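The values are calculated or read from the model by the stated rules, or taken from the named source; none is laboratory data. Nothing here was measured: the structure is a model prediction, and the numbers come from that model. Note that each Cβ is placed from the backbone with ideal geometry, even for glycine, and that neighbours are counted across all protein chains shown.
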Amino acid sequence: MAKSRSKSDLPTKICPVCDRPFTWRKKWADCWDEVKYCSDRCRRRRASAKPEGVESMD
């Protein structure tokens, strides 16, 4: 019987749109290196996300 991993042992990334951490999912097993967004909603909103390193001119 396979030993299951604790959720805290799974790799995580930070979503560039919402800046929240998200955890590896089994459906991402083959493409984890390419996964950038935590959800479809953030993937759709990526165009409106501010580019990194750019601050407002106020």
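Which of the numbered conditions does ARG41 fail, given that it passes all the others? Conditions: (1) outside any helix (DSSP H, G or I); (2) surrounded by 10 or more Cβ atoms within 10 Å (Cβ to Cβ); (3) at pLDDT 90 or above.
Only one criterion is unmet by ARG41, namely (1).
I'm told ARG25 meets every condition in (1) exposed (fewer than 10 other Cβ atoms within 10 Å of the Cβ); (2) charged (D, E, K, R); (3) at pLDDT 90 or above except one. Can you identify the failing condition by its number?
Only one criterion is unmet by ARG25, namely (1).
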